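Notes for the one structure printed next.
Here, each number is a calculation from the coordinates, and none is a lab measurement. All values reported here derive from a predicted model rather than from experimental measurement. Cβ sites come from the backbone with ideal geometry, for glycine too, and all protein chains shown count toward neighbours.
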């Protein structure tokens, strides 16, 4: 899985040195070591996007491309589900049951308030952009190994 703003940094060693240090990772400006004694707490955000408008028309592929580009510009990386094998969601609103094929995007980034604020605002943007009643975005605290 790709992680937001994750960059691998290896310690440089001379060719005479036999010991190598553990690689370090940076998640959105937070340094994490991969050694056994240290782990990094980060957040995983999952965005569940319907493939169709509420009237049943398919959402244009260009819109999904734009969303991916916006998120990569903000976080540096993301993981997406396949459009060929989407998830399926069922929900009720106003007494009407909706069944949606869903495209999922995951982003892992540092555990900070900026990311949380971004996703709260981005949810409103996505609701208007995709003409939806609501968009599900979840947040989970995770720990890297």
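Which whole-angstrom value gives the distance between the alpha carbon centres of segment 41-77 and segment 111-145? Segment 41-77 and segment 111-145 have Cα centres spaced 11 Å from each other.
Spacing of the modelled spin labels on residue 52 and residue 123, each 7 Å from Cα toward Cβ, amounts to 2.5 nm.
Size of segment 65-125: Rg and Dmax of its alpha carbons, in Å, are 14.2, 40.
Which whole-number percent of Cα pairs in segment 41-143 have a distance greater than 18 Å? So the portion of pairs separated by more than 18 Å is 47 percent.
The label-point distance for residue 65 and residue 116, in a model that sets each label 7 Å from Cα toward Cβ, rounds to 3.6 nm.
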